[in-house]
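The values are calculated or read from the model by the stated rules, or taken from the named source; none is laboratory data. Note that this is a predicted model, so its numbers are computed, not measured. A quick note on method: Cβ atoms are made from the backbone with ideal geometry, for glycine too, and the neighbour counts reach across all protein chains shown. Note: areas computed on protein heavy atoms with side chains; ligands, DNA, RNA excluded. Shrake-Rupley method; radii C 1.70, N 1.55, O 1.52, S 1.80 Å.
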Amino acid sequence: MTRSQQARLGRSVIAGAAAVAVTAGIVAAAPDGEAAPATPQFSLIAAAKSVTLDSYREQPGVYLDLGTYLTAENAPLELKVTRKSYKDPVVATQIVHEGGKTRAKALPKGLVKDFQGLPGFIEIAVTDAAGKTVLKRTEDFCPNNASGRVRPDAPATSKYPESCPTNPFTLGSVWGVEKGWAANTYSGAYSEPVVLPAGQYTAKVSVAKRYRDLFGVADKPQSVKVTVREIGPEGGAGAAPGARHDAKKAGHAGHGAAAGHGAAAGHGAAAGHARHGAVAPAAPAAPTSGAGPSYNVGHGPLVPAPPAVPWAVKRQGLKAGAARMGDGGGQTDGSRKAPAVKPAAKRPTGKAAVPNVPKPDLRSLPAYGITISEPATEGPDKGKDFLAFSANVWNAGPAQLVVDGFRSPGKELMDAYQYFYDAKGKQVGYTPTGTMEWDPRPGHEHWHFTDFASYRLLKADQKEAVRSGKEAFCLANTDAVDYTVKNANWHPFNTDLSTACGQQNSISVREVLDVGSGDTYTQDLPGQSFDITSLPNGTYYIQVLANPEKRLKETDLTNNSALRKIVLGGKKGARTVTVPPHELVNAN
């Protein structure tokens, strides 16, 4: 499966609280006294024998949402994906669970190139009504795709994250299909549509042999009957053409404006990487697939997830007397929004103290999504050239960053405090750490913690040339930067900005940056750019600096800066930017 360059830059996955089980299904009851095999068993299943896909006359093409899932029967499928540094390749290790013990199994070098999933995992062959093959393709598979239980005795929640990160500077990720669960093999908005005329087809779906051999997946391809129906301009059956999702234009949301909002919010920058902003459109999926509004839409690294198991999933080899799952009407597509994290009940009193307990470690990622914005045609920025970019500050732990803001009646600013906790989670100290301010600009409209980070454009000699005016931030866990660090939280709480950073009339706010997660602000937001109108062409460095005034208490203050080399060219009104690779990461 191919992905647009924007898709690689914009999403980075954070899941919220794990959801409960899915709709009713049917599973075979294990014979009494018969122990389950100790080794994992993975199978490809189809949730239905047939599906209907819509193609729109004005924009032909269907997404192959075929309802196939990979199940983990006797033990979870778990992969640890890491890189030592940006000079090192990405490597994958399988964590094998056997008989209550775990062992690490190194996977072949070069198997994975990034953190977005297993490349070429699924093979699809489509034949028409006459039996002629009209399409062959492979698709990547993220084991963290939307999933659901297929056994009544499976864990009620999955411990694994709900997506695979695509931030180009991700350092570590964990992928998994929980025991007794099934993960959707459909890639959602990251799958490319295919043009198929209206008619009847048969899709044969299988797991590629290299993965069957590697993980012990049963060699049982699934056959799904496919009806492609054409929808006219008036709509008719299915969603209206305007509801179709274009992954290349509006796929990534979190700390930004919605698609179409970028020009107003950020010097005309493209709106492809929207974070901290309006809700993005739903992922491409049939109306009955279960892939409706998804967790984190508009605010995190995840494009709306592929559908959870939306109907009864019948296990292979169903026997008479099978037990029926009674899970009710819950969903695991992440459609629940994370509630706001609650600040302390009242402003802290007594003497401030910074105890000797674990503290956060803020680090910056190199800038990415770097582009020259189209010059504004009106307003105060008319005729100016801006260099726009995306930036991320993350927490390497081992403790959360917890900041509360308290507002005195009638005051414009909140007083901010950083809190500290012992190993049992008990608050054992606090210290004043600046202020929070209300940001009314489109794409923001929430409370920002001041002096969290600073952006600077440095000359070739690394002396400052321009400083961004943006130094205040709403903290949220938009990107899973490294889920392999100590105390990383695979299910961070505050990932939805409509609740995480308060309202204009809020009296208090709590903002948290969890261990392993980062907070991305993208290039289509006010302040996410440098005015380069008067700068000469040449080599520069974008510096992303965390905790610039050192007001926040950290484990380490020496690793807060990251530099990204760029080369400016062109002339006024037509400036250009060249972005060399950052070690092995070749993403602008």
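Given points 7 Å out from each Cα along the Cα-Cβ axis, report the LYS342 to ALA218 separation in nanometres with one decimal.
Distance between label points: 4.6 nm.
Please list ASP556, ASP519 from largest to smallest accessible area, probe radius 1.4 Å, with all protein chains kept in place.
Accessible-area ranking of ASP556, ASP519, largest first: ASP556, ASP519.
With the Cα gyration tensor of region 343-389 in hand, convert its eigenvalues to equivalent ellipsoid semi-axes via √(5λ) and list them largest first in whole Å.
44, 19, 8
Please give the FRET efficiency for GLU374 paired with LYS84, using the beta carbon to beta carbon distance and R0 = 51 Å, rounded to the nearest 0.05.
In this case the efficiency is close to 0.85.
Rounded to the nearest percent, how much of the accessible area of region 138-204 (1.4 Å probe, protein heavy atoms only) is carbon and sulfur?
Here it works out to 55 percent.
Would you work out what percent of the accessible area of region 499-570, with all protein chains in place, is carbon or sulfur (probe 1.4 Å)?
46 percent
Does region 339-439 come out rounded, prolate or oblate by the C-alpha gyration tensor, with a ≥ b ≥ c the root eigenvalues, rounded set by a/c under 1.5 and, if not, prolate when a/b is larger than b/c and oblate if not?
oblate
Could you tally the net charge around LEU475, taking each other residue with its Cβ under 10 Å from the Cβ of LEU475, Lys/Arg +1 and Asp/Glu -1?
Around LEU475, the surrounding residues sum to -2.
Would you mind computing Rg(Cα) / (2.2 N^0.38 Å) for region 77-198, counting N as its residues?
For region 77-198, the normalised Cα radius of gyration comes out at 1.24.
Expected output is a single nm value to one decimal: the length gained when fully extending between GLU98 and GLN41, i.e. 0.36 nm times separation in residues minus the C-alpha distance. What is it?
Length difference between fully extended and current span is 19.4 nm.
Points 7 angstrom from Cα along the Cβ direction at THR576 and ALA125: gap in nanometres?
It is 4.7 nm.
What's the Kirkwood radius of region 176-233 in Å, using all Cα pairs?
14.4 Å
Could you report region 93-166's accessible area per residue, 1.4 Å probe, as an integer in Å²?
Value for region 93-166: 44 Å² per residue.
Would you mind computing, in nm to one decimal, how far apart the modelled labels at THR133 and ASP153 are, each placed 7 Å from Cα along Cα→Cβ?
Simple spin-label model gives 4.2 nm for this pair.
Show log10 I(q)/I(0) for region 383-469 at q = 0.18, 0.24 Å⁻¹, two decimals, from a solvent-free Debye sum over equal Cα scatterers.
These q points yield log10 I(q)/I(0) values of -1.02, -1.25.
Based on the mean of other Cβ atoms within 10 Å per residue, sort peptides 104-111, 390-397 so the most packed one is first.
390-397, 104-111
Rounded to the nearest whole Å², what accessible area per residue is found for region 376-459 with the 1.4 Å probe?
40 Å²
On full extension of the chain, what length is gained from GLN427 through GLN503, given 0.36 nm per residue of separation minus the C-alpha to C-alpha distance?
Answer, rounded to one decimal: 24.8 nm.
Please list PHE169, PHE493 from largest to smallest accessible area, probe radius 1.4 Å, with all protein chains kept in place.
PHE493, PHE169
How would you rank 409-415, 431-437, 134-140, highest first, on the average number of other Cβ atoms within 10 Å across their residues?
431-437, 134-140, 409-415
Residues in region 196-228 near a label at THR52, defined as backbone nitrogen under 16 Å from the 7 Å Cα→Cβ point?
Only 198-201, 225-228 pass the distance filter.
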